[in-house]
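Quick notes on the structure that follows.
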Amino acid sequence: MSATTAIWIVIAWFAIFLTLGQNVATVLFGAGIVGIALYIGTGPLGGIIGPDTFYTASIYSLSIVPLYLLMAQMLLRGGIINDLFQVGHRMSGYRRFPLGVATIVTGSLLGAVSGSGAASSASLAAVASPELEKLGYTRRFSLSIAAVAGSLSAIVPPSLIMIIYGSLTSVPIGHLFIGAIGPAVLCILIYVVCLKVFGETRHDAQADGTVPDESEPADSRRKSRNAFLFVVTLMVVVFGGIYGGIITVAEAGAIGAFTAMVGMIAMRRVSRQDIFLALSESVKITAALMMLVLGAKIFARFLTFSRLPNELIAVMEPVLANPGLVAVILLAVFFLAGMFLESAAVIVLLVPIILPLLKVANIDLLWFGVSASTMIALGLLTPPVGLASFAAASAANHPASQVFRGATIFAVAAGVIVTALLLVFPSVVTWLPAQMR
């Protein structure tokens, strides 16, 4: 069968089974196997699938995924989300705008320990949204803030999608983590400005700065403060060690996981059951991510045989002399894909297709990886799927369409401004990694 016919059949396979709700990893496996069988026959399948699966599962960079997941799970089981927000709540002086800023900053800290935009958004919707609503923001805007804050998990290190991108492209993961700091800070600043300009308040909002009648136990304040200091110290040690060249990314993950477990046990925040649940959840998420990566590897093998990346290069040849234009087109594709698919699925699906194009166009893979992750983070906020917005709405049992309305404003503003800055000033991403030892 010709390569063109096989490609069209694989595209139809994707469209049908994704529409039917099949898991992306399963669709990738099926598409890769069907494509290879149609193009070169079933004979070589055994020799392809076995070695590819073993090699991919043995990639060293993927071994750090369960470490960062365990660190995140231990902190989440220890109730860190609530503590981070409560500290921000007190620092805001019970005023609307400062509390909104505190929620966004909490989301960025949560991104450093969670790695999941949907989970972070759902958690903040449960913890922060009611407090924001009490101080005068409308319900839909409060949930939009929670979604926006949670979406930062896709770019604030240790971002799981950057780990997967690094494993697929051989870009050092530590450099991706450090390079993401600049765009993450830019997004936070833009979100703060949008919060000020587009904030929606209720007509019956209470006076700003009104302290609630119920008194908070002193012991609760102390616990929240200690937990906040523990998380900040942990992040400084982990990412400061990576930036300073003192420890590798894998060693940082191991230190982070061990310290999080010991810290939560020492502060008596987790039980034996919590530890078991943290370990089991880390294994489940790791297995799901590995299935995605394995499926992407088989699919990438079909792409190699079909020469689809080469055909893509030929189609894009008129604009290859302008790497900036190529980058804009590809980043737009990542943004659109992020609107429909889970963030990790976007990376494993698109990177094998566009990687040869990036190399031919001489686009910095480090810069593109961070920029693409930023676009995916923005796609998490926008309809029709927008997992971060949908998770926040579901957690509060509120219509997702209303949350999308507010979150999309933040996403569009950040998309236009951050993309322009990244294209004009690539050093926003590349400068800090260049300083690493």
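The values are calculated or read from the model by the stated rules, or taken from the named source; none is laboratory data. The structure displayed is predicted, hence computed values, not measured ones. Note: ideal-geometry Cβ built from the backbone for every residue, glycine included; neighbour counts use all protein chains shown. Heavy atoms of the whole protein, side chains included, go into the accessibility calculation; ligands, DNA and RNA do not. Shrake-Rupley method; radii C 1.70, N 1.55, O 1.52, S 1.80 Å.
Scanning the stretch 250-262 for residues that are over 15 Å from residue 236 (Cα atoms) and either within 21 Å of the chain's Cα centre (by Cα) or open to solvent by less than 10 Å² (accessible area, probe 1.4 Å) (or both) yields a count of 1.
Quick check on residue 400: is it over 16 Å from residue 183 (Cα atoms), free of Cβ contacts under 8 Å to residues at least 40 places away in the same chain, open to solvent by 30 Å² or more (accessible area, probe 1.4 Å) and out of contact with any Pro (no Cβ under 6 Å at 6 or more places or on another chain)? Walk me through it before giving the result.
Values: over 16 Å from residue 183 (Cα atoms): yes; free of Cβ contacts under 8 Å to residues at least 40 places away in the same chain: yes; open to solvent by 30 Å² or more (accessible area, probe 1.4 Å): no; out of contact with any Pro (no Cβ under 6 Å at 6 or more places or on another chain): yes.
It is false that residue 400 is over 16 Å from residue 183 (Cα atoms), free of Cβ contacts under 8 Å to residues at least 40 places away in the same chain, open to solvent by 30 Å² or more (accessible area, probe 1.4 Å) and out of contact with any Pro (no Cβ under 6 Å at 6 or more places or on another chain).
Any residue that is assigned to a helix (DSSP H, G or I), open to solvent by less than 10 Å² (accessible area, probe 1.4 Å) and at pLDDT below 75 - is there at least one of those in the stretch 73-87? Yes, because at least one residue in the stretch 73-87 is assigned to a helix (DSSP H, G or I), open to solvent by less than 10 Å² (accessible area, probe 1.4 Å) and at pLDDT below 75.
Scanning the stretch 353-402 for residues that are among the hydroxyl-bearing types (Ser, Thr, Tyr) and out of contact with any Leu (no Cβ under 7 Å at 6 or more places or on another chain) turns up 373, 374, 382, 394, 401. The residues in the stretch 30-72 that are within 30 Å of residue 238 (Cβ to Cβ) and either in a helix (DSSP H, G or I) or without any contact (Cβ under 8 Å) to a residue 60 or more places away in the chain (or both) can be counted, and the count is 17.
Could you tell me whether residue 245 is modelled with pLDDT under 85 and assigned to a loop (DSSP other than H, G, I, E, B)?
Numbers: modelled with pLDDT under 85: yes; assigned to a loop (DSSP other than H, G, I, E, B): yes.
Yes: the conditions hold for residue 245.
Contact map, the stretch 328-353: first residue closer than 12 Å to residue 164 by Cβ, second residue at pLDDT below 85 and not in a helix (DSSP H, G or I), Cβ cut-off under 7 Å, separation 6 or more or different chains; pairs are 343/380. Among the residues making up the stretch 11-65, those that are open to solvent by less than 20 Å² (accessible area, probe 1.4 Å) and more than 14 Å from residue 304 (Cα to Cα) are 25, 27, 28, 30, 56, 62, 64, 65. Say whether the condition of being modelled with pLDDT under 85 and crowded, with 23+ Cβ neighbours inside 10 Å is met by at least one residue in the stretch 143-150. Yes, the stretch 143-150 contains at least one residue that is modelled with pLDDT under 85 and crowded, with 23+ Cβ neighbours inside 10 Å.
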